[in-house]
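Here the structure is laid out as structure tokens; the discussion comes afterwards.
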Amino acid sequence: MAGFRIGRGRDDNRAPQQPPQQQQSYGQQQPPPYGGPPYPPVGGPPPQQQWPQPNAGGHGEPEYFDPYGQQHPHAQQPPYGHGDGGNYGGGNYNNDNPGHTQVFAVGEDPYSQGATYHAGAAAAAPAGPRLPWKELLRGIVTRPGQTFLQMRDYPVWGPALIVTFLYGLLAVFGLDDARQDVINATLSQAVPIVLSAGVAFVICGLLLGAVTHTLARQMGGDGSWQPTVGLSMLVMSVTDAPRLLFAVFLGGDNMVVQVLGWATWVAAGALFTSLVSKSHDLPWPKALGASAIQLIALLSIIKLGTI
């Protein structure tokens, strides 16, 4: 009988059989081989390859694409130096556009607004050293402009309060009615009258100087309030000293005293204008306007004695 060998067929030398491949379901796509292009979807046209379009206005600026082939156009910017988009070549550069920055020179402040006041900024250096009280009083009369510029950053409370208080003590005798009251009163009554007059003139000088400083700041000045108020008190007292000396002996209604009163009032206006102009960096018309209320008050209270 002829025998059969189990597990062996006729083609013993043929290549081994490949394992059967799994059948893809309908609508699914077999992954492409490594490095090859993807297969087109079943039942549809092959995808069209997207090529980058040339940028109309950019010089080599990149384009952006999403993974699905939809193009996101880059924001069209005119080239540098043309139109309103370039800072190079004379155009006004718009630094609000995305993706761009503003170019500034070395040492240039991009947020500078001219001569406006900046909170926290370093103040300018004083024009000179602090003057002693003798040189300060002498400088107000002989060289007021340089003195006000040099003392614009230094408070002068000591000389201002002392000189104004002494001036108020003597101002009582420059007014006819007040002088008669002091002369006819006893010593215990005259002393409070004289002392209260000195305190009243100090308070009046402080208030009027504060008004002048406030008006100067409203008009664009940048000075400090302490030097402005202190120097204004000194100007008020020093300029009226010649009239007061004659008024003590001749009376306030004397013709010489009246002429000196008007002359010293004009001199006070010139000194107040110079003070505000140097202390607040203002032109003289604005400086005169800032000190106008103080000048009118001095004319009514001291020179004319109507209040």
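The values are calculated or read from the model by the stated rules, or taken from the named source; none is laboratory data. From a predicted model like this one, the values you see are computed outputs, not experimental measurements. Reconstructed Cβ throughout: ideal geometry from the backbone, glycine too, with neighbour counts over all protein chains shown. For the accessible areas, the whole protein counts, side chains as well, though only heavy atoms, and no ligand, DNA or RNA atoms are used. Shrake-Rupley method; radii C 1.70, N 1.55, O 1.52, S 1.80 Å.
Over the range 150-307, with the other protein chains present, what is the accessible area per residue in square angstrom, probe 1.4 angstrom?
Ligands and nucleic acids excluded, the result is 47 Å² per residue.
Tell me the Rg and the Dmax, in Å, that the Cα atoms of the range 218-271 produce.
Considering the range 218-271 through its Cα atoms, Rg and Dmax are 14.3, 44 Å.
Residue-wise, which Karplus ³J(HN,Hα) couplings in Hz belong to the range 276-292, taking 6.51 cos²θ - 1.76 cosθ + 1.60, θ = phi - 60°, and x for glycine or proline?
Ordered by residue, 3J(HN,Hα) equals 5, 5, 6, 6, 10, 6, 10, x, 5, x, 5, 5, 5, x, 5, 9, 5 Hz.
With all protein chains present, calculate the accessible area of Trp157 using a 1.4 Å probe and round the result to the nearest 10 Å².
The accessible area comes out at roughly 70 Å².
When the chain is fully extended, how far beyond the present Cα-Cα distance does Leu187 get from Asn254, taking 0.36 nm per residue of separation?
Numbers: separation 67, 0.36 × 67 = 24.12 nm, distance 2.73 nm.
Length difference between fully extended and current span is 21.4 nm.
Got a number for the accessible area of Lys278? Probe 1.4 Å, square angstrom, nearest 10.
That residue has around 80 Å² of solvent-accessible surface.
Return the FRET efficiency for the residue pair Ala292, Val199: r is the Cβ-Cβ distance, R0 is 25 Å, and the value is rounded to the nearest 0.05.
Computed FRET efficiency for Ala292 and Val199: 0.45.
Using the reciprocal of the averaged 1/r over all distinct C-alpha pairs, how large is the Kirkwood radius of the range 255-301 in Å?
11.0 Å
With θ set to phi - 60°, apply the Karplus curve 6.51 cos²θ - 1.76 cosθ + 1.60 along the range 247-262 and write out the HN-Hα couplings as whole Hz, x wherever there is a Gly or Pro.
The phi angles translate into 5, 5, 9, 9, x, x, 8, 5, 5, 5, 5, 5, 5, 5, x, 5 Hz.
Amide H neighbours of Gly252 under 5 Å, counting only residues 5+ apart in sequence or on other chains, H built in-plane at 1.01 Å?
Residues meeting the amide H criterion: Asp176.
Using the per-residue mean of other Cβ atoms lying within 10 Å as a proxy for protection, in what order, highest first, do the peptides 199-208, 186-195 fall? Walk me through the intermediate numbers first.
Working: 199-208: 18.0, 186-195: 11.2.
Averaged packing, sorted descending, gives the order 199-208, 186-195.
Heavy atoms of the protein only, probe of 1.4 Å, neighbouring chains included. What is the accessible area of His213 in Å², nearest 10?
Ignoring ligands and nucleic acids, His213 comes out at about 20 Å².
Leaving out ligands, DNA and RNA, and with a 1.4 Å probe, what % of the accessible surface on the range 205-260 is carbon or sulfur?
69 percent
FRET efficiency for Trp284 and Gln180, Cβ-Cβ distance as r, R0 = 30 Å, nearest 0.05?
Calculated transfer efficiency: 0.15.
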